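Novice: Following this message is one structure expressed as structure tokens.
The values are calculated or read from the model by the stated rules, or taken from the named source; none is laboratory data. All figures in this text were calculated on a predicted structure; none of them were measured in a lab. Glycine gets a Cβ as well: all are built from the backbone with ideal geometry, and neighbour counts include every protein chain shown.
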Amino acid sequence: MIEVSNLAKRYGRVLAVDDLSFRAEPGRVTGFLGPNGAGKTTTLRALVGLLHQTSGSATILGRRYAELDDPVRTVGAILETSAFHPGRTGRNHLRTIARPAAIEDARVDEVLALVDLADAGGRRTKGYSFGMKQRLALAGALLGDPQVLVLDEPANGLDPHGIRWLRDLLRSLADDGRTVLVSSHVLTEVAQLADDVVIIAKGSLVAQASVAEVLAEAGRGTRVRSPERDRLAAALGRTGVKARPFEADVLVVDGDAATVGEVAAAERIVLYELVAQSGTLEDVFLELTEGASRPS
Amino acid sequence: MRLLSAEFLKLRTTRVPAVLGVLSVLMSALVAAALVGSGSLEADRALALAQGASFATMLAAVLGILLVTNEYRHGTITTTFLVEPRRPRVLAAKLAAALLGGAACGLAAAVASAAVAAPWLAARGEALAPDGQALEALARLLLAFALWAALGAALGAIVQSQVGAIVGFFVWILVVESLIGLVSSLLFTSIGEPDPVSPYLPGSALSGIVGGQGSEFMHRGGPASLLAIAYVAGLSALGTLAIVRRDP
């Protein structure tokens, strides 16, 4: 399990992470979402002991990363996409991780095959494509067969085939009872991948819920088209239902279709269209992080 | 020990050590040839050869600098700290790898130097026997190479930027120390006192291990070695502070 409590990190005058708390549970894939610059990478780096937080704590299985007995076998992490010496072969890169953790070379070859780099393992990493580097980083994270995975944008640079493969891999890892925390700014990816989501913006928590809950929440909205858009909005407002104008004759209502229909009937307003919105994670994300992601 | 072994693996899996090793072999062979060929070798031939070979200690320092700064330059320091989050241990392993790698580089230089000089001297009827003096010269040379490499690693940990560390190192050794040495020797010679500053600067102390020209202090390997060890230990302590405090 991963637990972040009241984490804060200040860089000079900028508060990159501000009193952030969330958990990632074993057996589940937790998507860690936020716009660029929201503090995702800073949080993940603090979690694995790569930076000193200003205050708060981030623990893995109840301990700080630096206190883990055998970090390579406990936590697998991807933090920088191209963190390889260009002159070193992919296989040798993995051996430099395996050696201090007393992991056999046979396991190195096993993970190379798992990420489909068995043939490229003997080549210097400077000749690797972005996707190959990403898969090599993933191989490094999986080397110690860890209970916890912390992956910063692991799908970057992967082709659709690779993303599907990654999704299946993370699913099977979580099904084994492992804790998987995956950051991403590509929402469709996470919607398919994650069980839970943690959404942050400007360094603060915006929402933590299961993907199912978030989608149910998003599904409560209604889209309605009426020639008397503004009168309908006012009528809905009087009953305490929020509505905002969208296109010329379209209103997006924060309430279910039945409520809108009843109000419209009572006020004798003509409706052309009444659609219960099947929201996407993206809608929720944009709504929740709106303002936060705009330059202020 | 596993960390040290990993450091050697990192060294072996790049071209850097091979290039530096070959360069130091070539340099020391060239200097040995020049020394023997010019007939300038006198009483203590082995020590003179060792002094010649110690030109290549600069390469050992570069090896040490690269051992640390390559990790920062290519971002592999992240992986290194994930594997061993106790950063002082990481630096300790790197310092040990630098000491041993530096000594190995020194051994290669010594062998190259002897391989050029011994047959040549023998042909002229002069001997280069592996006697006590020769062994002492070898020991001093290995110590000098080892300490220069460790100094480089410590400097690398303090500066972390590769260009910064290499430029800083050569500017200090070639410009700053020479300048201080020039000024202070002029100053103190004019009042008839021995120079109390320049022989004790880090570069002079490390060069003084094998011996060199200059004050009395420089002619003795022992005191210079102790001072050099103290400098390397001090810089290593600063390096430890730097890598613990400053996040990659």
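Novice: Would you be able to say whether some residue in segment A:23-42 is acidic (Asp, Glu), over 30 Å from B:Val68 (Cβ atoms) and either in a loop (DSSP other than H, G, I, E, B) or within 24 Å of the chain's Cα centre (by Cα) (or both)? If you could, list the steps in order and put the result at the bottom.
Specialist: To start, the set of residues in segment A:23-42 that are acidic (Asp, Glu) comprises A:25.
This time we only want the ones that are over 30 Å from B:Val68 (Cβ atoms), so: A:25.
Those still in the list that are either in a loop (DSSP other than H, G, I, E, B) or within 24 Å of the chain's Cα centre (by Cα) (or both) too: A:25.
Yes, segment A:23-42 contains at least one residue that is acidic (Asp, Glu), over 30 Å from B:Val68 (Cβ atoms) and either in a loop (DSSP other than H, G, I, E, B) or within 24 Å of the chain's Cα centre (by Cα) (or both).
Novice: Among the numbered criteria (1) touching a residue at least 12 places away in the same chain (Cβ under 8 Å); (2) surrounded by fewer than 17 Cβ atoms within 10 Å (Cβ to Cβ), which single criterion is violated by B:Glu7?
Specialist: Exception for B:Glu7: condition (2).
Novice: With over 30 Å from B:Glu7 (Cβ atoms) and within 14 Å of chain B (Cβ to nearest Cβ) as the only criterion, which of A:Lys40, A:Lys9 stands out?
Specialist: The unique qualifying residue is A:Lys9.
Novice: Identify the single condition in (1) surrounded by fewer than 20 Cβ atoms within 10 Å (Cβ to Cβ); (2) within 27 Å of B:Asn70 (Cα to Cα); (3) not β-branched (Val, Ile, Thr) that B:Pro194 does not satisfy, given that it satisfies every other one.
Specialist: (2) is the only condition that B:Pro194 fails.
Novice: Here is a list of conditions, (1) more than 14 Å from every other protein chain (Cβ to nearest Cβ); (2) touching a helix residue (DSSP H, G or I) at 6+ places or on another chain (Cβ under 6 Å); (3) at pLDDT 85 or above, and B:Ser215 meets all of them except one; can you say which number that is?
Specialist: Exception for B:Ser215: condition (3).
Novice: Any idea which of A:Gly122, A:Gly76, A:Gly131, A:Gly87 is within 25 Å of B:Tyr72 (Cα to Cα), crowded, with 23+ Cβ neighbours inside 10 Å and of a type in the set (Gly, Ala, Ser)?
Specialist: Working: A:Gly122 fails: crowded, with 23+ Cβ neighbours inside 10 Å; A:Gly131 fails: crowded, with 23+ Cβ neighbours inside 10 Å; A:Gly87 fails: crowded, with 23+ Cβ neighbours inside 10 Å.
A:Gly76 is the lone residue from the list that is within 25 Å of B:Tyr72 (Cα to Cα), crowded, with 23+ Cβ neighbours inside 10 Å and of a type in the set (Gly, Ala, Ser).
Novice: Output the residues belonging to segment A:34-49 that are touching a helix residue (DSSP H, G or I) at 6+ places or on another chain (Cβ under 6 Å) and crowded, with 20+ Cβ neighbours inside 10 Å.
Specialist: Within segment A:34-49, A:Gly34, A:Val48, A:Gly49 meet the criteria.
Novice: Could you list all residues from segment A:175-213 that are crowded, with 17+ Cβ neighbours inside 10 Å and over 26 Å from A:Asn6 (Cα atoms)?
Specialist: A:Glu189, A:Ala191, A:Leu193
Novice: What is the residue count in segment A:237-258 for residues that are among the β-branched types (Val, Ile, Thr) and over 34 Å from the mean Cα position of the chain (by Cα)?
Specialist: Total meeting the criteria: 1.
Novice: In this structure, is B:Leu91 touching a helix residue (DSSP H, G or I) at 6+ places or on another chain (Cβ under 7 Å), within 16 Å of B:Ala242 (Cα to Cα) and of a type in the set (A, V, I, L, M, F, W, C)?
Specialist: Taking the combined requirement at face value, the residue satisfies it.
Novice: Could you look through segment B:30-47, keep only residues that are small (Gly, Ala, Ser) and buried (at least 20 other Cβ atoms within 10 Å of the Cβ), and pick out the one that is farthest from B:Thr69 (Cα to Cα)?
Specialist: Of segment B:30-47, the ones small (Gly, Ala, Ser) are B:32-34, B:37-40, B:43, B:46.
Imposing the further condition that a residue be buried (at least 20 other Cβ atoms within 10 Å of the Cβ) reduces the set to B:32, B:46.
Working: B:Ala32: 32, B:Ala46: 35 Å.
That would be B:Ala46.
Novice: Another question about this same structure. All but one of (1) away from chain B (no Cβ under 14 Å); (2) in contact with a strand residue (DSSP E or B) (Cβ under 7 Å, 6 or more places away or on another chain); (3) modelled with pLDDT under 95 hold for A:Gly87, so report the exception by its number.
Specialist: Here A:Gly87 meets the rest and fails (1).
Novice: Here is a follow-up. Under 8 Å by Cβ, and 6 or more places apart or on different chains, what pairs join a residue from segment B:223-242 that is buried (at least 17 other Cβ atoms within 10 Å of the Cβ) with one that is among the basic types (Lys, Arg)?
Specialist: Qualifying pairs under 8 Å: B:Ser225/B:Arg140; B:Thr240/B:Arg87.
Novice: Which count do you get for residues in segment A:51-80 that are part of a loop (DSSP other than H, G, I, E, B) and facing chain B (nearest Cβ under 9 Å)?
Specialist: Qualifying residue count for the region: 6.
Novice: Further, regarding this structure: Which members of segment A:1-22 meet the condition of being more than 26 Å from A:Gln147 (Cα to Cα) and assigned to a loop (DSSP other than H, G, I, E, B)?
Specialist: A:Gly12, A:Arg13
Novice: If you take the residues in segment A:117-168 that are more than 22 Å from the chain's Cα centre (by Cα) and among the basic types (Lys, Arg), which one is farthest from A:Ala101 (Cα to Cα)?
Specialist: Among them, the one singled out is A:Lys126.
Novice: Then there is this: Considering only residues that are touching a residue at least 24 places away in the same chain (Cβ under 8 Å) and more than 8 Å from every other protein chain (Cβ to nearest Cβ), which ones fall in segment A:94-115?
Specialist: A:Leu94, A:Ala98, A:Ile103, A:Arg107, A:Val108, A:Val111, A:Leu112, A:Leu114, A:Val115
Novice: If we scan segment B:67-76, do we find a residue that is of a type in the set (Lys, Arg) and assigned to a helix (DSSP H, G or I)? Show your work before the answer.
Specialist: Here is the first cut: in segment B:67-76, the ones of a type in the set (Lys, Arg) are B:73.
After this cut, where a residue has to be assigned to a helix (DSSP H, G or I) as well, the list is B:73.
Scanning segment B:67-76, I find at least one residue that is of a type in the set (Lys, Arg) and assigned to a helix (DSSP H, G or I), so the answer is yes.
Novice: Restricting to segment A:221-276, name every residue that is touching a residue at least 12 places away in the same chain (Cβ under 8 Å), part of a helix (DSSP H, G or I) and among the basic types (Lys, Arg).
Specialist: Within segment A:221-276, A:Arg229, A:Arg231 qualify.
Novice: Can you find even one residue in segment A:241-251 that is over 17 Å from A:Lys40 (Cβ atoms), charged (D, E, K, R) and either surrounded by 15 or more Cβ atoms within 10 Å (Cβ to Cβ) or in contact with a Gly (Cβ under 6 Å, 6 or more places away or on another chain) (or both)?
Specialist: So in segment A:241-251, the residues over 17 Å from A:Lys40 (Cβ atoms) come out as A:241-251.
With the extra rule that they be charged (D, E, K, R), the set shrinks to A:242, A:244, A:247, A:249.
Narrowing further to those that are either surrounded by 15 or more Cβ atoms within 10 Å (Cβ to Cβ) or in contact with a Gly (Cβ under 6 Å, 6 or more places away or on another chain) (or both): A:249.
Yes, some residue in segment A:241-251 is over 17 Å from A:Lys40 (Cβ atoms), charged (D, E, K, R) and either surrounded by 15 or more Cβ atoms within 10 Å (Cβ to Cβ) or in contact with a Gly (Cβ under 6 Å, 6 or more places away or on another chain) (or both).
Novice: Would you be able to say whether some residue in segment B:10-24 is of a type in the set (A, V, I, L, M), under 27 Å from A:Gly90 (Cβ atoms), within 12 Å of chain A (Cβ to nearest Cβ) and touching a strand residue (DSSP E or B) at 6+ places or on another chain (Cβ under 9 Å)?
Specialist: The answer is no; no qualifying residue exists.
Novice: Run down B:Ala60, B:Ala110, B:Ala96, B:Ala50 and say which single residue is small (Gly, Ala, Ser), buried (at least 22 other Cβ atoms within 10 Å of the Cβ) and modelled with pLDDT of 95 or more. I'd like the intermediate steps shown before the answer.
Specialist: Values: B:Ala110 fails: modelled with pLDDT of 95 or more; B:Ala96 fails: buried (at least 22 other Cβ atoms within 10 Å of the Cβ); B:Ala50 fails: modelled with pLDDT of 95 or more.
On inspection, the qualifying residue turns out to be B:Ala60.
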